[in-house]
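The block underneath contains the structure these notes are about, expressed in structure tokens.
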Amino acid sequence: MSIPTANSSSSTREFCTIETADGLELDARIFKPSPPPTAAENEGNLVIVLVHPYSVLGGCQGLTKGMARGLANRGFIAITFDTRGAGRSTGLPSLTGSAEVNDVVSVCQWAIQNLSANRIMLVGSSAGAAIAGSAVDKVNQVIGYVSLGYPFGLTASILFGRHNKALLQSSKPKLFVMGTKDGFTSVKQLENKLKTSAGRNEIHLIEGAGHFQMEGPAFDAQMVNLITEFITSNI
């Protein structure tokens, strides 16, 4: 498989609606390199699906669009979307993110059918990292996973702890990015969780960064660099 070139200068954005298996409509954006990749670059087409933070607290795809645009500028196709009940997507959000796992799977299946995706990289932010983690082994074409601020802490685990098992049992390569001042998960908690995780697991700590700070646009370029490096080292 060819990796997209890392020096694409611009990107385009397309709007679409993706239907879930249970009949909901998800508002989505497709970010593509401009000019489009060549046929050789499209061989084994890789699509990056980004999952936004907790919708119950206002999380939406707008928080991931900066990363998606940056990834498209690097030559990748990236998808952002609003999970059920967020933005213009229909349905109601679930408190624990369990129903939203089906949204992630539906978006991946849409990418396989409509973008000829042979490879999918899942990227989740905050609660979106937990939700994406539950979907990793539900789609065969998912080849890896990137977490930005996974909520492993004790309090956060009351809501999202049910997602941990599926992710930690997956043998697919995983990257965990976290700020050392994350208010939901300590560095020690992250390291202890990953001691039991299957497959290849990488940690990248951002010194002094807090949980919500990492969700801001100031960190988009750094996240794009880390995701790109992880992809090129695992494909």
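The values are calculated or read from the model by the stated rules, or taken from the named source; none is laboratory data. Quick caveat: nothing in here was measured; it's all calculated off a predicted structure. All Cβ positions, glycine included, derive from the backbone under ideal geometry; neighbour counts span all protein chains shown. When the accessible area is computed, the model is the full protein with side chains, heavy atoms only, and any ligands, DNA or RNA have been set aside. Shrake-Rupley method; radii C 1.70, N 1.55, O 1.52, S 1.80 Å.
Distance from the Cα centroid of region 179-235 to that of region 46-104 is 18 Å (rounded to whole angstrom). Label positions at Ser233 and Gln141, each projected 7 Å from the Cα along the C-beta direction, are separated by 2.7 nm. On the chain, 51 percent of the accessible area sits on carbon and sulfur atoms, based on a 1.4 Å probe. Positive end of the dipole of region 73-155 (Cβ unit charges, origin at the Cα centre): among Ser126, Gln113, Val136, the Cα lying farthest that way belongs to Gln113. Placing pseudo-labels 7 Å out from each Cα toward the beta carbon at Leu57 and Lys195 gives an inter-label distance of 2.7 nm. Here the peptides 114-120, 61-67 are ranked by packing, the mean other Cβ count within 10 Å, and the order with the highest first is 61-67, 114-120.
In whole angstrom, region 38-126 maps to an equivalent ellipsoid with semi-axes of 25, 14, 9, each derived as √(5λ) from the alpha carbon gyration tensor and ordered largest first.
Probing with 1.4 Å while keeping every protein chain in the model, the per residue accessible area of region 97-156 equals 28 Å².
Maximal additional length on extending the Thr180-Ile158 stretch stands at 5.8 nm, based on 0.36 nm per residue less the C-alpha distance.
The label-point distance for Ser34 and Asp22, in a model that sets each label 7 Å from Cα toward Cβ, rounds to 3.7 nm.
When the helices of the chain are scored as -39500 (n - 2.57) per DSSP H run of n ≥ 4 and the total is divided over every residue, the value at 222 nm lands at -9000 deg cm²/dmol. Max-minus-min Cα coordinates of the chain on each principal axis give 47, 37, 32 Å, with the largest extent listed first.
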